[in-house]
1. Looking at (1) part of a helix (DSSP H, G or I); (2) touching a residue at least 60 places away in the same chain (Cβ under 8 Å); (3) closer than 27 Å to B:Lys8 by Cα, which is the one condition that is false for A:Ala180?
2. Being modelled with pLDDT under 85 and of a type in the set (D, E, K, R) is the filter here; which residues of the stretch A:92-108 pass it?
3. Can you pull out the residues in the stretch A:192-203 that are surrounded by 12 or more Cβ atoms within 10 Å (Cβ to Cβ), among the small types (Gly, Ala, Ser) and more than 18 Å from A:Tyr97 (Cα to Cα)?
4. Can you find, within the stretch A:183-198, the residue that is nearest to A:Arg116 (Cα to Cα) among those that are touching a residue at least 12 places away in the same chain (Cβ under 8 Å) and in a helix (DSSP H, G or I)?
5. Only residues in the stretch B:33-58 that are at the interface with chain A (Cβ under 9 Å from one of its Cβ atoms) and over 11 Å from A:Ala148 (Cβ atoms) count as the first member; pair them with residues that are part of a helix (DSSP H, G or I) and β-branched (Val, Ile, Thr), Cβ under 7 angstrom, at least 6 apart or cross-chain, and list the lot.
6. Taking the options A:Phe173, A:Phe153, name whichever one is more than 9 Å from every other protein chain (Cβ to nearest Cβ) and either assigned to a helix (DSSP H, G or I) or under 18 Å from the mean Cα position of the chain (by Cα) (or both).
7. When you look at B:Lys8, is it closer than 22 Å to A:Phe117 by Cβ and either within 11 Å of chain A (Cβ to nearest Cβ) or modelled with pLDDT under 90 (or both), yes or no?
8. In this structure, does A:Ala189 turn out to be touching a Lys or Arg at 6+ places or on another chain (Cβ under 6 Å), buried (at least 16 other Cβ atoms within 10 Å of the Cβ), of a type outside the set (Phe, Trp, Tyr) and within 9 Å of chain B (Cβ to nearest Cβ)?
Amino acid sequence: MHEKRVLKFPLSEKVFHNVNLITWIALIVTGVLIYFQLVDEPTSELMMDWHIGIGIVFTINFFGFVFLNFDRFALMMRNLLIWDRDTFAWFKNFGGYPRRLFGIKFGPEEVAPQGRFNAGQKAAYLIFMFMIFGLIVSGWLLYAYPAAMGKIFVKWMFYFHVWGSILTSLLAFCVHMPLAVINVEDLKAMFRIGAGDVPLDDAHHHAPKWVENDLMAVDAAKPAH
Amino acid sequence: MKFQYIEKPVGKIFSRRDFLKAGGVMTAVVAMTGYAITDIIKRRKSYIAMRQEGLYKDDKRCQNLKLTSSHQNPSCAKSYEDLKTEPMGEIAEKLLHTNAYFDRKNLILQGANHA
């Protein structure tokens, strides 16, 4: 029998995530090359031009998602901001990952049921959202208004821009990406061409509260004639 | 159809409490950031305006004394005279001008600690 599937990543979220991924990598590479002076002066200047150009795409992508798909943005923020008893209970065993991945008997065996995002994802994604917004604001202020802001403020904003992006990239590359690779169904849903759907059983295993509370059959969504 | 289930639309999931929570947090972040930035820029701009006013006053004073350019300053004029040259003269250019040009627009923020 055909397995039941659920749409996890609509097109708008896939576009936002994947453009974000590509532009983030390009921005961190060009930024690191410039900041640590790993290239000569003319190349550094070229890298800065690229950094600004890609920054424009990065900015449009974020605000495009927020304003053109406000429903999805609101749902995402809602899912990230709900911290109930089960969310905090997740930290007792970190979702069972230390036990599963490294054989470390940490906390209870049973994982507290989670919503669309588990507690670790909520914490990480809130940091990502804050940093995306913060890097856009600090980047454009550093580019457009350094003279109007004063040296001390520019200095701290510059440090926030550089080290904030580096630390967030480490979080993304060392934690978010490896865990995303482990979760194969989500990974395929995010990167395959077409619908970003996952098997209902898989969704129920990872996010039982999401399946139980937030989903509905597609037919029910059709308008009644 | 590839999938049989979708997330309920936002209106069916979002309770009034959720809306207030998410809306409140987002409004607070945007408002505080906006206020901080505009306040800093406003204060900074007032310093710039004050400095500009001071510079214009200095200019007016110099104009009254017919000292609109540095080479009209008596001590500068004396230096040129002692060196047996004139402003933009060959010797002045050799002694007082630098020959190297450095493009500083992409320099890392060095010296910021001296702020």
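1. Among (1) part of a helix (DSSP H, G or I); (2) touching a residue at least 60 places away in the same chain (Cβ under 8 Å); (3) closer than 27 Å to B:Lys8 by Cα, the lone unmet condition for A:Ala180 is (2).
2. Correct list: A:Arg100, A:Lys105.
3. A:Ala195, A:Gly196
4. A:Asp186
5. B:Thr33/A:Val137
6. Result: A:Phe173 is the single residue among A:Phe173, A:Phe153 that is more than 9 Å from every other protein chain (Cβ to nearest Cβ) and either assigned to a helix (DSSP H, G or I) or under 18 Å from the mean Cα position of the chain (by Cα) (or both).
7. The answer is yes for B:Lys8.
8. Details: touching a Lys or Arg at 6+ places or on another chain (Cβ under 6 Å): yes; buried (at least 16 other Cβ atoms within 10 Å of the Cβ): yes; of a type outside the set (Phe, Trp, Tyr): yes; within 9 Å of chain B (Cβ to nearest Cβ): no.
No, not satisfied.
The values are calculated or read from the model by the stated rules, or taken from the named source; none is laboratory data. Nothing here was measured: the structure is a model prediction, and the numbers come from that model. FYI the Cβ positions are ideal-geometry reconstructions off the backbone, even for glycines, and counts take in every protein chain you see.
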